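Participant: One structure is given below, represented as structure tokens, and several questions about it will come after.
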């Protein structure tokens, strides 16, 4: 039914099948829409956030998707600036993933702040000493860049490509894509870092506070490193999922292997620095505040297992797996390692947000616990539904994977 | 946000922060304007030849 | 501000006076202590020992109006992290103020404050009428809308009132008694003393010289302006974190 919109020379499922595929994601979006309406109409009391948990599920989700979406800028940097030609086969997918992650995060943030209509105050009355201002500016600009990187792909839709103006415009954009990729890299470097800086500068909260270099706490650099270590893995996972669902090979192995190898090295360097930072914190910041490392892990469910998980199970182990070419080439090990890596980064964000707030600073204050409400889950799930929908639509109607035809010859 | 707003101070922190921001926005803006102008200039060319021209960068991205 | 914990009886009048003075919004059910707004909050602390050696003390905690952020920068943590410059410290008075109409409700300041002194309006403002509660509303304080952060202001409106009075009487200096906070004024045992820490004639600047004076979480270097006095070692020990052997008890000052 929608065959004029499909790319040339590739097979796509029937329209009705695609329609049924979109239904669960539309349901998630509907759940999210209802949640957003309730939060905007009745206020943030619809959530389980409190004066203790000022940041909660949404902020964890925001930071997690932004870290995972770092594959977009990093792949763009490797493709257009460094010139790794094999990554051209995966850059479109990475850009779409990045666009989904950043636009979803912006949407979530619009609901998260108490006065969404005043959101523009971040820009107009900016406090340049605040890390969150740095984050907001860079994310907004980077979302613009991602949109610009996405447009040429959209304009290559079979029907849109026929329009001369759009055809030439798309190609003109692609001609100077390196400029946008470079700007995107610069912006991403800063906002990934500032997201880490946000927690490192909480000097009055010994759990999160860190030493640093000039105005940048060590978490600034660690967050950048962890994002570029996990981003490519997330791109690999999304690509593999797309291949599984579409039941065809979409990306040649050399692109995947290159991403996995780069991820391996970055993750290894990150783990070394992360362990060093943790030790520096345990023997520096923590005793200066009159505390012992174990004091932070006494209450509630947040015990030492968090540290073991983050550093060993979801950090060192995937780094080791990805370092071995034999393991990287084995589908099962590759996907396991990527999953562990991405989970580790999400866990890292979770620890910095939720555990920081749960642990009381005043000695006579108590530990508080937190579980999200269905409205909070609704907004978070809506981002996932939006992601599946947008990626599915892009895969169906746009030539996302340049090697798709070669890897899947259509027999007439 | 701008040098004309109330909070603006002429010190190095403001200059560096907003300087970098404006540079980034300028690069993005100029890039877009360049593409618009390039498209505008290339349009009459296609009409003359009656077919999409051999765009040089096409050869570089032969995958699509 | 100096709060003498040996005098504090835990009656809670300071909490009520603060809420009444500052048009603090309430809810029909205030039992959810994670979301109620209590600019002045009374904590109950105990020495942890069993009967008959149990000792209890009460710890009123207003906003500390910190001077520094813990790393030496001359503004409190909440001010340096605010995205929209909606909170500022006035270095003349030392008061950390909040601009409600500019706050976008991102709650980063709440995450930064170690004392839990900042409160977010999770609901729309509610002053139950027909129960007489609207009678305590003060025209000097702007009520807050939902989605913004609020906190103790050291009754800044009373400072404005005193300054206006002084201006009308053609003088610039304020007497010690002219500007005091609602909680200090209401405390039945006068456990709370308010004044200018920089003025050597004010009682507070003399009280902080006592060896029993301390501040909450002093080691974090936030330089709070609220001092506490307690002759009890265990109370002072609970005001900060100490590694074994670090806490130095104050020997009873004689004379």
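Bear in mind that the values in this text are calculations on the coordinates, not laboratory data. Just so you know, these numbers come straight off a predicted model, no measurement behind them. Every residue, glycine as well, gets a Cβ built from its backbone with ideal geometry; the counts of neighbours run over all protein chains shown.
Participant: Sorting C:65, C:202, C:91, A:125 on the 10 Å Cβ count, fewest up front, what's the list?
Facilitator: Ascending Cβ contact count within 10 Å gives the list C:91, C:202, A:125, C:65.
Participant: Across every pair of different alpha-carbon atoms, what Kirkwood hydrodynamic radius in Å does segment A:26-81 reach?
Facilitator: Hydrodynamic radius (Kirkwood, Cα pairs) of segment A:26-81 is 13.9 Å.
Participant: Same structure, new question: May I ask for the distance between the Cα centers of segment A:10-75 and segment A:142-167, given as a whole number of Å?
Facilitator: 25
Participant: Here's another thing I want to ask about it. Taking the Cα of residue A:331, stepping 7 Å toward and past its beta carbon, and measuring to each backbone N in segment A:231-250: which are under 20 Å?
Facilitator: A:233-250
Participant: Can you tell me the FRET efficiency between residue C:170 and residue A:273 if r is taken as the Cβ-Cβ distance and R0 is 60 Å, rounded to the nearest 0.05? All intermediate terms of the calculation are to be shown ahead of the outcome.
Facilitator: Working: r = 64 Å, r/R0 = 1.07.
Between residue C:170 and residue A:273 the formula returns 0.40.
Participant: Express in nm, to one decimal, how much length is gained between residue C:133 and residue C:100 on full extension, taking 0.36 nm for each residue of separation and deducting their alpha carbon distance. Walk me through the intermediate numbers first.
Facilitator: Numbers: separation 33, 0.36 × 33 = 11.88 nm, distance 2.25 nm.
Fully extending the segment from residue C:133 to residue C:100 adds 9.6 nm.
Participant: Further question on the same structure: Which three semi-axes in whole Å describe the equivalent ellipsoid of segment C:2-237, each the square root of 5 times a Cα gyration tensor eigenvalue, listed largest first?
Facilitator: Semi-axes from the Cα gyration tensor: 26, 23, 20 Å.
Participant: Within segment A:290-318, list the residues whose amide N lies under 14 Å from a label point set 7 Å along Cα→Cβ of residue A:339.
Facilitator: A:314, A:318
Participant: Continuing with this model, one more query. By how many degrees, 0 to 90 and rounded to 10, does the Cα axis of helix C:156-168 deviate from the longest principal axis of chain C?
Facilitator: Long axis of C:156-168 versus the principal axis of chain C: about 70 degrees.
Participant: Measure out, as a whole number of angstrom, how far apart the alpha-carbon centroids of segment A:212-256 and segment A:314-368 sit.
Facilitator: If you average the Cα positions of each part, the centres end up 14 Å apart.
Participant: Next question. Please compute the modelled spin-label separation between residue C:250 and residue C:27, points set 7 Å along Cα→Cβ, answer in nm with one decimal.
Facilitator: Once both label points are built, they end up 3.8 nm from each other.
Participant: If you project the alpha carbons of segment A:49-370 onto their three principal axes, what span does each projection cover, largest first, in Å?
Facilitator: Here the Cα extents, ordered largest to smallest, are 70, 52, 35 Å.
Participant: Tell me, in nm to one decimal, what length is gained between residue C:161 and residue C:198 on full extension, where the rule is 0.36 nm per residue of separation less the Cα-Cα distance?
Facilitator: Gain on extension, residue C:161 to residue C:198, equals 11.2 nm.
Participant: Another one. Any chance you could list the semi-axes, whole Å, largest first, of the equivalent ellipsoid that the Cα gyration tensor gives for segment A:102-241, using √(5λ)?
Facilitator: Value: 33, 19, 14 Å, ordered largest first.
Participant: Separation of segment C:87-109 and segment C:15-64 by C-alpha centroid, Å?
Facilitator: First find each Cα centre; the distance between them is then 23 Å.
Participant: While we're here: For segment C:74-161, with equal point scatterers placed on the C-alpha atoms only and solvent neglected, what are the log10 I(q)/I(0) values from the Debye formula at q = 0.10 1/Å, to two decimals?
Facilitator: One equal scatterer on each Cα of segment C:74-161 leads to -0.28.
Participant: Mind checking the alpha-carbon convex hull of segment C:135-247 and giving the volume per residue in Å³?
Facilitator: Details: hull volume 19.8 nm³, N = 113.
Spelled out: Cα convex hull of segment C:135-247, divided by residues, is 175 Å³.
Participant: Shifting gears a bit: Restricting the calculation to Cα positions, tell me the Rg (one decimal) and the Dmax (whole number) of segment C:151-209 in Å.
Facilitator: So, for segment C:151-209, Rg and Dmax equal 12.2, 35 Å respectively.
Participant: Could you check the simple spin-label distance between residue A:364 and residue A:292, using points 7 Å along Cα→Cβ, in nm with one decimal?
Facilitator: Here the answer is 2.4 nm between the modelled labels.
Participant: Can you give me the distance in nm between label points at residue B:13 and residue C:242, each placed 7 Å from the Cα along the Cα-to-Cβ direction?
Facilitator: It is 3.6 nm.
Participant: Go ahead and estimate [θ] at 222 nm for chain C from helices alone: -39,500 (n - 2.57) per DSSP H run with n ≥ 4, summed, over the residue count, rounded to 500.
Facilitator: -4500 deg cm²/dmol
Participant: Plugging the Kirkwood radius over Cα pairs into Stokes-Einstein for the protein assembly as shown, at a temperature of 37 °C and a viscosity of 0.692 mPa s, what D comes out in µm²/s? Each step should come with its number before you reach the end.
Facilitator: Details: Rh = 28.4 Å.
Translational D for this selection: 116 µm²/s.
Participant: Ok, one more. What FRET efficiency comes out for residue A:5 versus residue A:374 if R0 is 41 angstrom and r is the Cβ-Cβ distance? Round to the nearest 0.05.
Facilitator: Efficiency, rounded to the nearest 0.05: 0.70.
Participant: Tell me, what is the FRET efficiency for residue C:190 and residue C:125 to the nearest 0.05, using R0 = 25 angstrom and their Cβ-Cβ distance as r?
Facilitator: Details: r = 32 Å, r/R0 = 1.29.
Efficiency for this residue pair is about 0.20.
Participant: By count of other Cβ within 10 Å, fewest leading, how are C:83, C:56 ordered? Could you put the intermediate results ahead of the total?
Facilitator: Working: C:83 25, C:56 9.
Ordered from fewest to most neighbouring Cβ atoms within 10 Å, C:83, C:56 come out as C:56, C:83.
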